[in-house]
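All remarks here apply to the structure that follows.
The values are calculated or read from the model by the stated rules, or taken from the named source; none is laboratory data. In this text the structure is predicted, and so the values were computed from the model without any measurement. All Cβ positions, even for glycine, are placed from backbone atoms using ideal geometry, and neighbour counts span all protein chains on display. Keep in mind that these areas ignore ligands, DNA and RNA; they rest on the heavy atoms of the full protein, side chains included. Shrake-Rupley method; radii C 1.70, N 1.55, O 1.52, S 1.80 Å.
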Amino acid sequence: MIFNKLIFSSFKRHAKVYIPYLISNIILVAMDYILLSLENSNGIKNLSSGTTLISLLSLGSTFVMMISFIFMMYISNFIRVQKTREMGLYSMLGMTGYNLKKLIFLEKLFLFIISTILGLIFGIVFEKLALMITFRLINVSISYNAIIEPSSVIITTCFFMVIYLFSIFFDFIKLHKLNPSELWKEQSKGEQKNNKHYKLNGVLGIILLIIAYYLALTTKPTMTSYSRFMLAVILVILGTYLTFISGSILILNILKSRKSFYYRPNHFIAVSGMIQRMKQNGAGLATICLLCSSVLVILFTSISVYSGINRIIKVWSPTQVSVISNRGLPHSQKLQVNHVVKENGAKINNIINLKTTTPQYGYIKNDKYVAQGGINNISSSTTNALMFVSENDYNKIYHKNIHLNNNEAIMYSPSKMKQKNMNILNKNYHVKQMDNFKYSFNPSHSIYTSMFVVVNKLPNSLSLLHFYGFDYHVKNISNSHFEQKIQNSLKITNEQFTGKGILYKMLTQLFGGFVMVGILVSLTLLLTTVMVIYFKQISEGYSDRRRFVTMQQVGLSLKETTKSIHSQVLMVFMIPIIAAIINLSFAIPAIKQVLMSFNLYDTRLLIIVGFSVSSLIVILYLCIYGLTTRMYHHIID
Amino acid sequence: MKLLSLNKLAKIYDENTKNAVSALKNITFEVNRGDYVSIMGESGAGKSTLLDIIATLDKPTSGQSILNNQDLGKLSKNDAAKYRRKNLGFVFQNFNLLDSLSNRDNIYLPLVLNRTPVSEMEHRIEPLIKSLNIEKIIDRYPSDISGGQQQRIAIARALITQPDLLLADEPTGSLDSNTSKQILNLFNEENQKGQTIIMVTHSSATASYSKRTLFIKDGKIYHDIYRGDLSLEDYQEKINNTMITLTRGDY
Ligand SMILES: Nc1ncnc2c1ncn2[C@@H]1O[C@H](COP(=O)(O)OP(=O)(O)O)[C@@H](O)[C@H]1O
Ligand SMILES: [Mg+2]
């Protein structure tokens, strides 16, 4: 009984910490549940791109679980430090280690039960909403049946049980390590220690960041780019932590050692205050920065991808329906197509027949196209798929009458090139670059950029590829349905057949799912960011309260004190978001390369998305700042 | 020579409310340059209130406190802050050092606020380091040193501005008796060099180090005694006797 009383009085006393703790715990449980049950939802499983979506969702849920774990550890450590004194007091009053452990265990048990039950309830309610939004985004209407997803309930509960066991374990370790008098001292311990290595760490952090930025800037859209980008991400994480924890102190200490700079009223208070803040909050600020960076990158990428769907469709095929074959469509199959067209009352226009050589995969090195062969011979350096077009076809398409010499060529590639001379398949050409090629298509729907080279005669050594396509109008049935019928009648695979209606549907589902996962993950990240900021402000508030009083006694006016502390808080507060935007701007070139290879890239769009995502986050961030600052003032007064 | 004069000073907290507290009533006394005055009284007597008003940390409800012909009550809050850091030095019971600053920087703090050149600051700190015996701890941080050492740093911070008046509120309140003696001896040395000091305390042992003692009770001054040629012990006894008459209430 006495234990319950102690626990509840402690909840009351530390309400400023426990309420946000519970809120974020509940939201994290709900988020985990939502992602897990979306992953298991039949509605999504039955979609045509269901498997891809589900693997995306499972990636998202793994990520959110990771965040949950780290964040719960962070926040319970915060509570542990806050309550050290209280534990010390109980122990001095004669509680045994067993009593204290029981107290901790009961408290955690209570928190676990409350937050898991409420979290699951919220999760179940909001999962329906998430599913609805997902289906809206991926443009399908599906009814869903399962109300509660039992396996997700069990996994979520077990997962948080493990988290709680860990935090109880750490609580116990902490109890063992300290005797009562040390328990008392813990809170007032100075932070001047363990900073001997800040010079080395600070320099290392900055170097890591520079390497990471260099990697990101020089990323090329090849198969190795993924691992390279991941390496950059890891380096950014390490670098950010080291820089925030040690680099900032290094810089501030350099400023401090310059007496003529340091011993001026504003600099003096700001620099010394900042050193202390960075020592206490370096890790917290780095966390905030990385969380903001991830939100920015995730939102930026998923929104860019989603809004680039129409572009990718345009690049993959010039006509609504297209068929690629090695020998051209036989007459019988063309009749089949006509049959389906008639049956559905469709009107056909803009029929295209184009003959090219089979694509030669390879890459460009200065003025040479290094061909590696067919799709089976690609390597990590492959960037392009080159196809020859005869001048005859070219003249037909453009209603022109051009005659090319043996060593002349006209070239087109969506990633604009500037070469005037080019060695292609061991032959030198004077090339003229085209801005546009009406019938540009992507033969294997790959990330490799198509290149079309118009020459007077197709090289004999290469086999041919026949492109057949047309546009149409149907009224009675949907475009994708109509296209499906044509594909079925031709009995050909997805590699050979492209229908824009089908493609659109598939990509919307895929990228819509991508956006949805992006939003859910970003929401989780934002929540954790808010909470980290909140706890930072609270702890600063407590330590600033004393500083405030002393500064006034020594002769700083109230106005000066408030101003100086405010500008410090604001400065320290703005560093993470500014660093996050810097991170984003270094990530953009790498993202751009990847988007470009999928033909999703559009400078204007990229700028608009980047700008709006950044401003959204900055505005949100300032709102959080405003709200938590009120809390801070509450503590100070 | 007159340095500070208080004239019918009164302070009412939360005036015009139900909870109004009359903390000081009609306080009048003068302090001369070179004096060492202790203000004695029990907890809640109004000692800190009185010191805060002299220190410009608070304003009187009525009456004046005049330091060097400057009516402190007439200063705006900002001017008071500037006046404070130029002309007054403080020592508090709980030291009030900034833990973000090294001990040296804590001492420099008021000078930096006054935009004193670095060379001048370095020049001024030298004698203080010697007389306060803080050579070994000067470049450490407040959280790394003992209470007595922290109080020495606080005294150095108070003295480095070469203030007209040094104010101390229970300066030995958090220290053990040995350390307290050391600190009080430091005060005496400074006073011998000409420093005017006003010190608030509830302990007769502490007050006995001063040259003059004012007794305050319920916001009023009841006695004003001088040490003259008395020894430390005799003066303490005199203070004790006065205190007893005061608490008995037979005046
Ligand atoms: N800020 C305040 N608001 C209201 N009453 C106060 C305030 N500060 C002090 N008091 C009251 O004024 C009286 C004198 O307090 P104080 O000067 O602190 O006494 P001392 O320092 O002698 O112990 C006490 O009754 C105290 O409760
Ligand atoms: Mg007092």
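Observations, loosely collected:
- If you filter region B:157-175 down to residues that are within 12 Å of chain A (Cβ to nearest Cβ) and part of a loop (DSSP other than H, G, I, E, B), you find that the one that is nearest to ligand 1 (Cβ to nearest atom) is B:163.
- Exactly one residue out of A:138, A:142, A:154 is among the hydrophobic types (A, V, I, L, M, F, W, C) and modelled with pLDDT of 75 or more, and it is A:154.
- Here the condition is being open to solvent by less than 60 Å² (accessible area, probe 1.4 Å), in contact with a helix residue (DSSP H, G or I) (Cβ under 6 Å, 6 or more places away or on another chain), away from chain B (no Cβ under 14 Å) and in a helix (DSSP H, G or I); of A:522, A:564, it holds for A:522 alone.
- Test: residue in region B:1-14 that is more than 30 Å from residue B:128 (Cα to Cα), away from ligand 1 (no atom under 13 Å from the Cβ) and surrounded by 22 or more Cβ atoms within 10 Å (Cβ to Cβ): yes
- Residue identified as within 16 Å of ligand 1 (Cβ to nearest atom) and charged (D, E, K, R) among B:82, B:86, B:59, B:74: B:59
- The set of residues in region A:18-54 being closer than 27 Å to residue A:484 by Cβ, polar (S, T, N, Q) and surrounded by 23 or more Cβ atoms within 10 Å (Cβ to Cβ) consists of A:41 alone.
- All of (1) within 26 Å of the chain's Cα centre (by Cα); (2) farther than 18 Å from residue A:163 by Cα hold for residue A:20 with one exception: (2).
- Considered as a group, the residues in region B:38-70 that are more than 16 Å from ligand 2 (Cβ to nearest atom) and surrounded by 19 or more Cβ atoms within 10 Å (Cβ to Cβ) include one that is farthest from residue B:187 (Cα to Cα), and that residue is B:60.
- Residue check, residue B:100 open to solvent by 20 Å² or more (accessible area, probe 1.4 Å) and either within 11 Å of chain A (Cβ to nearest Cβ) or more than 30 Å from residue B:62 (Cβ to Cβ) (or both): no
- Residue A:573 passes every criterion in (1) without any contact (Cβ under 8 Å) to a residue 60 or more places away in the chain; (2) surrounded by 20 or more Cβ atoms within 10 Å (Cβ to Cβ); (3) under 29 Å from residue B:94 (Cα atoms) apart from (3).
- Scanning region B:139-156 for residues that are surrounded by fewer than 20 Cβ atoms within 10 Å (Cβ to Cβ) and away from chain A (no Cβ under 12 Å) gives B:146, B:147, B:148.
- Residues of region B:13-27 classified as more than 16 Å from ligand 2 (Cβ to nearest atom) and without any contact (Cβ under 8 Å) to a residue 40 or more places away in the chain, total: 6
- Selection from region B:222-251 of residues that are assigned to a strand (DSSP E or B) and out of contact with any helix residue (DSSP H, G or I) (no Cβ under 9 Å at 6 or more places or on another chain): B:224, B:226
- Count - residues of region A:254-270 that are of a type in the set (Val, Ile, Thr) and either at the interface with chain B (Cβ under 8 Å from one of its Cβ atoms) or over 15 Å from residue A:551 (Cα atoms) (or both): 1
- Those residues of region A:276-297 which are open to solvent by 10 Å² or more (accessible area, probe 1.4 Å) and within 14 Å of chain B (Cβ to nearest Cβ), in sequence order: A:276, A:279, A:280, A:281
- Extreme residue, farthest from the chain's Cα centre (by Cα), among residues of region A:444-488 that are outside any strand (DSSP E or B) and aliphatic (A, V, I, L, M): A:458
- Restricted to helices (runs of 4 or more DSSP H) entirely inside region A:1-89, those with at least 1 residues that are within 18 Å of residue A:168 (Cα to Cα) and in the same structural domain as residue A:135 (by TED's automatic domain parsing) are A:2-13, A:15-39.
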